[in-house]
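Just dropping this structure here.
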Amino acid sequence: MMIDRDIRKRLIVAVANRIIAGAEELTDLDRAIGDGDHGSNMRRGFEAVLAAADVLSDKSFGEYLTAVGMTLVMKVGGASGPLYGTLFLSLGKSLADDVSREQVADAFAAAIEAVKARGKSDVGHKTMLDVFHPVLGALRGGGDGLPERLKATARRAAEDTIPMKAIRGRASFLGERSVGHMDPGARSSELIVDAVADVMEG
Ligand code: ADP
Ligand code: MG
Ligand code: MG
C-alpha cells in the first residue's frame, strides 16, 4: 500500500486529536498509579506534532516517522516521551512510502524490541508494551476486517493491564497496590492504535 501525503496528514490529525481528547482520562489513570501527568505529557507532544502536521506530511514516510519520534522525545518528557520517541524513531528507520502489511509488522516488531531495550522492560510488566505486543499479533494475522480487529485487540489489551502488577515505571513503586488499575501508557497506546485503524478504514 502507498502511504501518500494525504494519508500521512490524516494519520497525524487522527492520532493527535485522539490523544488530545483523551488527555484528561490519561491523567486520571496516571493519578491512580503514577504522578498524574501522562495526559498532559502526551497532549503537549501531540499538540506539537499536530502544529507541524503540514511540514511533517511533506516528508517521506520514513523521515516523517523519525520527525514525529524526535518531536515526542523533545516535548512529551517523563518516561513515556523517550519510549514513544524510540518507537517512532525505530519505525522511521525501516518504513518507506510503499509498504506491505508484512513490512509494517516487521518494523513494528523491531520497534517493540527497541522500546524494550530502552525501558529495560518486557511484556507483562504493565506498560504500553502490553498493548503493542498483542496488536503486533493481530497485524501479523491480517485478513478481512483488520482495522476492527486491531481496535478490539488494543481495547482488550489495555483492559488486561488492570489485574497486572506493575514491574516497570512509577506504578511499580506501588507494588501490589498497582493491581486493579489500567496502565495509563497502555491506554494511550490503545488510543493511538484506534486512531490509526480509523484512518485505515478510510
Ligand atoms: P512518568 O511515569 O515519568 O510520569 P508518563 O506518566 O508520561 O511518565 O508515562 C507513564 C507510562 O509510561 C506508564 O503508564 C507505562 O505505560 C510507560 N512506561 C513507564 N516506564 C516504562 C518502561 N520501563 N518500559 C515501557 N513502558 C514504560
Ligand atoms: Mg506520569
Ligand atoms: Mg512524570
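Tally the residues that are more than 14 Å from Leu191 (Cα to Cα) and more than 8 Å from ligand 1 (Cβ to nearest atom), restricting the search to segment 37-50. Working first, answer last.
We begin by selecting, within segment 37-50, every residue more than 14 Å from Leu191 (Cα to Cα); these are 37, 40-41, 44-45, 47-50.
Those still in the list that are more than 8 Å from ligand 1 (Cβ to nearest atom) too: 40, 44-45, 47-50.
Qualifying residue count for the region: 7.
When you go through (1) hydrophobic (A, V, I, L, M, F, W, C); (2) surrounded by fewer than 22 Cβ atoms within 10 Å (Cβ to Cβ); (3) without any contact (Cβ under 8 Å) to a residue 60 or more places away in the chain; (4) closer than 20 Å to Ala195 by Cα one by one for Val99, which number turns out not to apply?
For Val99, the failing item is (3).
Please tell me if Arg44 is modelled with pLDDT of 95 or more and within 16 Å of ligand 3 (Cβ to nearest atom). Can you show your working first?
On the way: modelled with pLDDT of 95 or more: yes; within 16 Å of ligand 3 (Cβ to nearest atom): yes.
Yes: the conditions hold for Arg44.
Take the conditions β-branched (Val, Ile, Thr) and within 16 Å of ligand 2 (Cβ to nearest atom) and apply them to Val68. Does it pass?
no
Looking at this structure, is Gly36 surrounded by 15 or more Cβ atoms within 10 Å (Cβ to Cβ) and not in a helix (DSSP H, G or I)?
The answer is yes for Gly36.
Of all the residues that make up segment 72-85, how many are more than 22 Å from Ile33 (Cβ to Cβ) and either near ligand 1 (Cβ under 9 Å from one of its atoms) or surrounded by fewer than 21 Cβ atoms within 10 Å (Cβ to Cβ) (or both)?
3
Then there is this: Suppose we filter segment 173-197 for residues that are buried (at least 24 other Cβ atoms within 10 Å of the Cβ) and more than 14 Å from Lys151 (Cβ to Cβ); how many remain?
Selection size over segment 173-197: 5.
Every residue in segment 81-96 that is free of Cβ contacts under 8 Å to residues at least 40 places away in the same chain and either hydroxyl-bearing (Ser, Thr, Tyr) or more than 23 Å from Arg149 (Cα to Cα) (or both), please.
Pro82, Gly85, Thr86, Leu89, Ser90, Gly92, Lys93, Ser94, Ala96
Does any residue in segment 187-200 that is under 15 Å from Leu87 (Cβ atoms) come within less than 9 Å, Cβ to Cβ, of a residue that is within 11 Å of ligand 1 (Cβ to nearest atom) and among the aromatic types (Phe, Trp, Tyr) six or more places away or on a different chain, and which pairs are these?
That search, which allows pairs on different chains as well, returns Ser188/Tyr84; Ser189/Tyr84; Ser189/Phe132; Ile192/Tyr84; Val193/Phe132.
Look through Thr71, Thr27 and report the one residue that is of a type in the set (Ser, Thr, Tyr), within 16 Å of ligand 3 (Cβ to nearest atom) and either assigned to a helix (DSSP H, G or I) or on the phi < 0 side of the Ramachandran plot (or both).
Thr27
So, one more: For segment 164-186, which residues satisfy the criterion of being within 12 Å of ligand 2 (Cβ to nearest atom) and free of Cβ contacts under 8 Å to residues at least 24 places away in the same chain?
Within segment 164-186, Phe173 is the sole residue that qualifies.
Among (1) assigned to a loop (DSSP other than H, G, I, E, B); (2) crowded, with 20+ Cβ neighbours inside 10 Å; (3) free of Cβ contacts under 8 Å to residues at least 24 places away in the same chain, there is one condition Thr127 misses while meeting the rest; what is its number?
(3)
The values are calculated or read from the model by the stated rules, or taken from the named source; none is laboratory data. None of the values given here were measured: they were computed from a predicted structure. Note: ideal-geometry Cβ built from the backbone for every residue, glycine included; neighbour counts use all protein chains shown.
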